[in-house]
Amino acid sequence: MLIGIIGAPNKGKSTLFSALTMANAEIGDYPFTTIKPNRGVAYVARECPEKQLGLKCNPRNSTCTNGIRYIPIEIVDVAGLVPGAHLGKGMGNQFLTDAIAADVLIQVIDGTGKTDLNGNHTQTSNPAEEVRMIFDELSHWVAGIVKKHMPAMIKRKDGTKALHEVLAGLRISEKIIEDTVNKLGLASSGINWKDEEILSFSQALVRAGKPIVVAINKSDSASPQQIEKINESLKEMEVVACSAAVELSLKKAAKAGIIDYASGARGFNITGNATDEQNKGLEFMKSFVQKSGTGIQELLHSAIFKTLNLIVVYPVEDENKCTDHFGNVLPDARLMRRGGTAVDLARMIHTDLEKNFLYAIDAKKKMRIGKEHQLNDGDVIKIASAAK
Ligand SMILES: Nc1nc2c(ncn2[C@@H]2O[C@H](COP(=O)(O)OP(=O)(O)OP(=O)(O)O)[C@@H](O)[C@H]2O)c(=O)[nH]1
Ligand SMILES: [Mg+2]
């Protein structure tokens, strides 16, 4: 699972990355602070089934604190995109290769409207325009790749397969590519599209194949009216207001032992020694999180559980003890698509388990289930296979 953080420059992408991963990414109040991509791991929170089952878990692929399971998600943060990036403006658009392989993109916009599309300071920016600009640049980037390969594609009868190969870096399925071509009524064999056709295809493909969640960042410095206005203009999109800076400061203070903040909490206590200045900042942040929270966990939730519509499933080998081979209780939390079946889970674990699938057991209900049984969020599942 990979989340790509994109957006115009100076919007708080690297601050969000740092808040999510606690890695040290460079942050600066000017465009193009980030040049090379930052990579790290964030944790999405979900209630662990241990309580419901009256057990104490020993997680392997995730962690668990106070009954909350934290599931790792890879994150990449890239340079800022500016209008005309596809024509070489700013840092250009080549760096998109690093982010576009993501399963879901988070676009960070500046909720205060105090930075423009190029990341420079202004008083008059409309943050909703950033979303359209980024969409245009993503589409042009895809169009550029398609256009570059056009001479080779003309010779191919299997046009959608050729497109899938050319666009492999996007990690969009051939089915979505094929549906997009058909929906637009474009030729799918010996592809020789005009520039406008390439662009419409690319726009439709980005829409269909690259889900985007918008993070209205810097909400600590934006008025509720400003946020509401942006929400209104982006009604059709998944949008979450957040403050990456407050989340980062609180996590740092918690790490230093000054407060007891847990990501997503609506409050915290001062547990260590803070300077007068720190106390002032903490007072502001306390009333801010009481009102709205930092929005950072909501943002991750939105990306993973709403936009990608994933669920968490716990495979076990012993359905009574809910353990793996080594006796670890509820060792692995697996993210899978909602609607996924018992055999889909078997395939995710091992192709042998899929091949030799006999039946599965829902450990919570102590019930045998078949291959095509759809799993639910929080299910604990044993797969029985014929393999020795
Ligand atoms: N008030 C406020 N400022 C923020 C927030 N997040 C980031 N900033 C500030 O915004 C500026 C830009 O932050 P970065 O994280 O470097 O932004 P970026 O989008 O990665 O910028 P580039 O790498 O240059 O594209 C810095 O001065 C941050 O301190 C926030 O939630 N609230
Ligand atoms: Mg940055």
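The values are calculated or read from the model by the stated rules, or taken from the named source; none is laboratory data. What you are looking at is a predicted structure, and each value in this text was computed from that prediction instead of being measured. Virtual Cβ from ideal backbone geometry, glycine too; neighbours counted across all protein chains shown. The protein model used for the area step is the full one, side chains on, heavy atoms only, and it has no ligands, DNA or RNA in it. Shrake-Rupley method; radii C 1.70, N 1.55, O 1.52, S 1.80 Å.
A few points about this structure:
- Residue 72 fulfils the conditions (1) open to solvent by 10 Å² or more (accessible area, probe 1.4 Å); (2) closer than 27 Å to residue 236 by Cβ except for a single criterion, (2).
- Some residue of the stretch 101-108 being within 13 Å of ligand 2 (Cβ to nearest atom) and either of a type in the set (Gly, Ala, Ser) or surrounded by fewer than 19 Cβ atoms within 10 Å (Cβ to Cβ) (or both): no
- Test: residue in the stretch 116-129 that is open to solvent by less than 20 Å² (accessible area, probe 1.4 Å), out of contact with any helix residue (DSSP H, G or I) (no Cβ under 9 Å at 6 or more places or on another chain) and either within 30 Å of residue 193 (Cβ to Cβ) or within 16 Å of ligand 2 (Cβ to nearest atom) (or both): yes
- Selection count where residues are within 21 Å of residue 65 (Cα to Cα) and in contact with a Leu (Cβ under 8 Å, 6 or more places away or on another chain), scope the stretch 264-288: 2
- Residue in the stretch 1-38 that is nearest to ligand 2 (Cβ to nearest atom), counting only those that are assigned to a strand (DSSP E or B) and closer than 18 Å to residue 304 by Cα: 5
- Here is the figure for the stretch 244-271: residues that are closer than 14 Å to residue 283 by Cβ, away from ligand 1 (no atom under 16 Å from the Cβ) and surrounded by 17 or more Cβ atoms within 10 Å (Cβ to Cβ) total 3.
- Flag if residue 137 is open to solvent by 20 Å² or more (accessible area, probe 1.4 Å) and either touching a residue at least 12 places away in the same chain (Cβ under 8 Å) or small (Gly, Ala, Ser) (or both): no
- Restricting 156, 132 to those that are among the basic types (Lys, Arg) and either surrounded by 18 or more Cβ atoms within 10 Å (Cβ to Cβ) or part of a loop (DSSP other than H, G, I, E, B) (or both) reduces the list to 156.
Table: residues versus (1) part of a helix (DSSP H, G or I); (2) at pLDDT below 95.
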{"residue": "248", "(1), (2)": "yes, no"}
{"residue": "273", "(1), (2)": "no, yes"}
{"residue": "283", "(1), (2)": "yes, no"}
{"residue": "286", "(1), (2)": "yes, no"}
{"residue": "294", "(1), (2)": "no, no"}
{"residue": "299", "(1), (2)": "yes, no"}
{"residue": "306", "(1), (2)": "yes, no"}
{"residue": "315", "(1), (2)": "no, no"}
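- Screening the stretch 169-199 for residues that are part of a loop (DSSP other than H, G, I, E, B) and among the aliphatic types (A, V, I, L, M) and picking the one that is surrounded by the fewest Cβ atoms within 10 Å (Cβ to Cβ) gives 187.
- Here residue 93 clears all of (1) at pLDDT 95 or above; (2) touching a His at 6+ places or on another chain (Cβ under 9 Å) except the condition numbered (1).
- Single residue of the stretch 11-58 satisfying the filter (crowded, with 19+ Cβ neighbours inside 10 Å and among the polar types (S, T, N, Q)) that is farthest from ligand 1 (Cβ to nearest atom): 21
- The residues of the stretch 78-93 that are more than 16 Å from ligand 2 (Cβ to nearest atom), part of a loop (DSSP other than H, G, I, E, B) and crowded, with 18+ Cβ neighbours inside 10 Å amount to a single one, 83.
- Scanning the stretch 223-241 for residues that are open to solvent by 100 Å² or more (accessible area, probe 1.4 Å) and assigned to a loop (DSSP other than H, G, I, E, B) yields 235, 236.
- Condition met for residue 305 (under 21 Å from residue 2 (Cβ atoms) and of a type in the set (Phe, Trp, Tyr)): yes
- Residues of the stretch 183-200 classified as in contact (Cβ under 8 Å) with a residue 24 or more places away in the chain and farther than 14 Å from residue 156 by Cβ, total: 3
- For the stretch 57-77, filtering for residues that are within 16 Å of ligand 2 (Cβ to nearest atom) and either within 28 Å of residue 316 (Cα to Cα) or more than 19 Å from the chain's Cα centre (by Cα) (or both) leaves 1.
- Count of residues meeting criterion [under 20 Å from residue 71 (Cα atoms) and either acidic (Asp, Glu) or touching a residue at least 24 places away in the same chain (Cβ under 8 Å) (or both)] in the stretch 318-333: 8
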